[in-house]
């Protein structure tokens, strides 16, 4: 996955200036035209985004992630088991925000991940 596409221009610039250029937040701020504090915030946000890419359920929408959290599903195998045993049934289930669309999104996610 390309960092630049994931982060956007400003966050990518800040990350590169800080990590490869070894510049201070004050120097970075003057280069991109923001305050020192904003440069630091952008750097921290970029690092958080990059950490999220390591999460086993990275790629699901916030709604689908909330459903997984509610059901205690943390891995792809947990998702597969929940589909098999009916916990991800949008009709009979009583999980908030679990509709047909969210269930279908999870199914597509599992299909893409296994191929």
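Bin by bin, in steps of 10 Å, what percent of the Cα pairs in the range 3-52 do you find, going until the bin that has the longest distance?
31, 58, 11
Would you please classify the overall shape of the range 62-114 from the alpha carbon gyration tensor, given that a ≥ b ≥ c denote the square roots of the eigenvalues, rounded means a/c under 1.5, and beyond that prolate means a/b larger than b/c while oblate covers the rest?
Cα axes put the range 62-114 in the rounded bin.
Hey, what angle do you get for helix 76-85 against the long axis of the chain, alpha-carbon based, 0 to 90 degrees rounded to 10?
20 degrees
Quick one: helix 62-71 against the long Cα principal axis of the chain, what's the angle to the nearest 10°, folded into 0 to 90?
Once rounded, one gets 50 degrees.
Could you grab the relative contact order for the chain? Cα pairs under 8 Å, six or more apart, rounded to a whole percent.
Computed over the chain, the figure is 19 percent.
What value, in deg cm²/dmol to 500, does the helix sum -39500 (n - 2.57) over DSSP H runs of n ≥ 4 give at 222 nm once divided by the residues of the chain?
After summing the helix terms and dividing by the residues of the chain, the value is -20000 deg cm²/dmol.
From the C-alpha gyration tensor of the chain, pull out the three semi-axes of the equivalent ellipsoid (sqrt of 5λ each), sorted largest to smallest, in whole Å.
39, 14, 10
Would you list 83, 91 from fewest to most Cβ contacts within 10 Å?
Ascending number of Cβ neighbours within 10 Å: 91, 83.
On a 0 to 90° scale, report how tilted helix 9-19 is relative to the longest principal axis of the chain, with both axes built from alpha carbons and the result rounded to the nearest 10.
70 degrees
Compute the FRET efficiency between residue 45 and residue 81 as 1/(1 + (r/R0)^6), taking r as their Cβ-Cβ distance and R0 = 41 Å, and round to the nearest 0.05.
According to the calculation, E is roughly 0.75.
What's the FRET efficiency of residue 70 with residue 10 using the Cβ-Cβ distance as r and R₀ = 30 Å, to the nearest 0.05?
Rounded to the nearest 0.05, the efficiency is 0.30.
Values in this text are rule-based calculations from the coordinates and carry no lab data. This is a predicted model, so every value here is computed, not measured. Counting neighbours? That spans all protein chains shown, and the Cβs are built from the backbone with ideal geometry, glycine included.
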